[in-house]
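**Q** Take a look at this one; I'll ask things after.
Taken together, the values in this text are just the output of simple stated rules run on the coordinates, not laboratory data. Because the structure is a prediction, the values reported are computed rather than measured. No Cβ is skipped: glycine too gets one built from the backbone with ideal geometry, and neighbour counts run over all protein chains shown.
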């Protein structure tokens, strides 16, 4: 089980990340300031550092600089609200392995973490998700029903990918909101229901089941999309 060190001083965000990573099978340690991030990263007990730039006492840039100057090669993914080109370039040139701007999609965060953790002799990745008559090509972002291509918007693709990565599992509106739209999306929004309707029109009315009061689940069979 991979061990992730999360350096984030905003409790709402760190709690969201911690819960999500634990649910994804990671062991997680959370620290809230720069010196703690540096000391624990230097201990060698973690496989990856998720690093916010705006940490108190010692900012993320300084933490990263000290780690690299000390010869520590722990993979570092910067996760920050600073999305400007200069900050991105500075982070990558300073030794970060990746840079993700807030707000972010949780599934994308997990995917990038797993990418950094994979060894060179990893097995060939699955590039097409299949469930019943549905197929989703992860490289071209194209969906197909019974071999017939279906055009999806970017958000529709993200929603379908999330459902297909959890075949047979019921996902609540809150889970779909956090995974597809990000941690800071209004929990009272009906955007999930709206996009479920969009997908049903394109994939078939019975392709996504509603479990009233619980959430949504992908079905292996459904009526033909019209």
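**Q** Can you check how the C-alpha radius of gyration of region 3-117 compares to 2.2 N^0.38 Å, as a plain ratio?
**A** Against the empirical 2.2 N^0.38 Å value, I get 0.94 for region 3-117.
**Q** Find how much the distance from residue 65 to residue 153 grows on full extension, using 0.36 nm per residue of separation minus their present alpha carbon separation; answer in nm with one decimal.
**A** Using 0.36 nm per residue and subtracting the Cα-Cα distance, I get 27.7 nm.
**Q** Kirkwood hydrodynamic radius of the chain from all distinct Cα pairs, in Å?
**A** So the Kirkwood estimate lands at 19.1 Å.
**Q** In whole angstrom, and with the biggest value first, how far do the Cα coordinates of region 128-218 range along each principal axis?
**A** 36, 25, 20
**Q** Based solely on its DSSP helices, what 222 nm [θ] is calculated for the chain when runs of n ≥ 4 H residues each add -39,500 (n - 2.57) and the sum is averaged over all residues, nearest 500 deg cm²/dmol?
**A** -10500 deg cm²/dmol
**Q** If you split all Cα-Cα distances of region 1-45 into 5 Å bins from zero, what percentages do you get per bin, shortest first?
**A** Once binned at 5 Å, the Cα pair distances of region 1-45 give 5, 23, 31, 23, 15, 2.
**Q** Only bridges with both residues in the chain count here: give the DSSP antiparallel percent, nearest 5.
**A** About 50 percent, rounded to the nearest 5.
**Q** Where does each of 47-57, 32-42, 137-147 land if you order them by average Cβ count within 10 Å, highest first?
**A** 47-57, 32-42, 137-147
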